[in-house]
Structures are given as C-alpha cells and as structure tokens.
1. Sorted by accessible area (1.4 Å probe), largest first, how do SER96, SER181 line up?
2. How much accessible surface area, in Å² rounded to 10, belongs to the heavy atoms of ARG147 with a 1.4 Å probe?
3. Which net charge results for the neighbourhood of HIS114, defined as the other residues with beta-carbon distances under 10 angstrom from its beta-carbon, given Lys and Arg at +1 and Asp and Glu at -1?
4. Roughly how much of LEU108 is accessible, in Å² to the nearest 10, using a 1.4 Å probe?
5. Is there a quick way to get the dipole size of the stretch 73-181? I mean about its Cα centre, with the Cβ of Lys and Arg at +1 and of Asp and Glu at -1; what is the value in debye to the nearest 20?
6. Normalising by the residue count of the stretch 102-153, find the relative contact order in percent from Cα pairs under 8 Å and 6+ residues apart.
7. Any idea of HIS114's accessible area? Nearest 10 Å², probe 1.4 Å.
8. Over the stretch 73-181, what relative contact order in percent results from Cα pairs under 8 Å that are six or more residues apart?
Amino acid sequence: EYFTISLFFQLSSNALHIHVKVTIGGNYIHKQNISNSKSIMKSTITMTPWKFDEQMIMFPLVLLVIVCSHPTVNGFEVFLINNLGGNTNLAVHCFSPQVKNLGSLVILPGDDFHWEFGINIGTTAEYECDMGYGNKQKRFQVFAERRDALRCGNQKCYWRVDRDGLYLYIKEVDDYQKQFSW
C-alpha cells in the first residue's frame, strides 16, 4: 500500500538542482531541496502517511509544485569571438527584446565577449547584437531558443565573427558553420 520515490534533477552548475525523497513506513516524509547559483531556496514538507490507492493524484501535483517553484530550467551561455584578424576591433551592442540590454563594448582581436542567462518555464529567449567593424555594420540574432537550443553543444553557443560573416559551432558536426553574411 505504501511506496517510495526518489528523484534527483541536475541540469547544469548554473541551473536547477532538485532532490526529492519519499520513504516507506508509517510517516511519509517528502524533502524538497531547490537551489540556483543566483538564489538558494530550500524547504521541507512533511506529509501524513500516503497510501498509493488513496492519494495517488498528490504525487504529480507535488512534483509540479517543485518544478514550478524554480522557474529557470535551462541555463545557456553565448560567446562572441572576434576572429576578424589583424588589429581589427569589433564593436558590439547586445540585447534581449524580452529581458535586458547587455550594453555596448569593443571586442579586441582574438578576444571574446560572453554572457549567461536562464530560460523560464513558459517563455523563450532571444538575443540580438548590433555588430560592426570598418564600414560594415549589421544586426544579428545570436540566440533564439527554438533555433539554437539543440544545435549549440552543452548549452553554450560559440559565434566566431569573421570578415565574411558569423559562424556558429555546431556540436553535431563538431565544426563551425557559416550562418550569416555581413
């Protein structure tokens, strides 16, 4: 009549960590540990004995509460690498229409600029960057969750900025592939 469930979720070092433990016996204890690198939330819930046949509906509801209490489920990182060569600096202004402005900066030759962000349940993330060097200037969409979540390896998107365009490292082919032209 009684059952035990143990769950552990860990998406990445910057994302979700959940520990759930259910024990068999007269007293059923459910422990919930939720953590995030930016904020830590911990709670313990003690429940009365839980019979499988009487309260079976409770487990999905408790699990839903656990997942929803920590809205960020995926953490991503985007890198822009100046591969223009010579002494050519890359001017960059990146922003997310939904979230925030990352500001303007100059990436020196061979250097990179990167940022990380989480994607909340029920939302999507997009980032755009205005880039320029010499007489070239253009806006590029450097992250779109539906487009990039699977093709970027380990939730890290590496963009190499060359004189002929932007190249994205595609994990599946283990190489950079041209995505945009100037």
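1. On the way: SER96 10, SER181 55 Å².
Reading off the accessible areas and sorting them downward yields SER181, SER96.
2. So the heavy atoms of ARG147 present about 80 Å² to solvent.
3. Details: positive: LYS156; negative: GLU77, ASP112, GLU116.
Cβ neighbours under 10 Å give a net charge of -2.
4. Near enough 90 Å² of accessible area.
5. Working: 12 positive and 14 negative charges, 52 e Å.
Around 240 debye, computed over the stretch 73-181.
6. Numbers: 35 pairs, mean separation 13.1, N = 52.
Across the stretch 102-153, relative contact order equals 25 percent.
7. Number for this one is 90 Å².
8. Working: 235 pairs, mean separation 30.3, N = 109.
Once divided by the residue count of the stretch 73-181, the mean separation gives 28 percent.
The values are calculated or read from the model by the stated rules, or taken from the named source; none is laboratory data. It should be emphasised that the depicted structure is a prediction, and the values quoted were computed from it without experimental measurement. Every residue, glycine among them, receives a Cβ derived from its backbone with ideal geometry; neighbour counts consider all protein chains shown. With ligands, DNA and RNA removed, areas are computed over all heavy atoms of the protein, side chains included. Shrake-Rupley method; radii C 1.70, N 1.55, O 1.52, S 1.80 Å.
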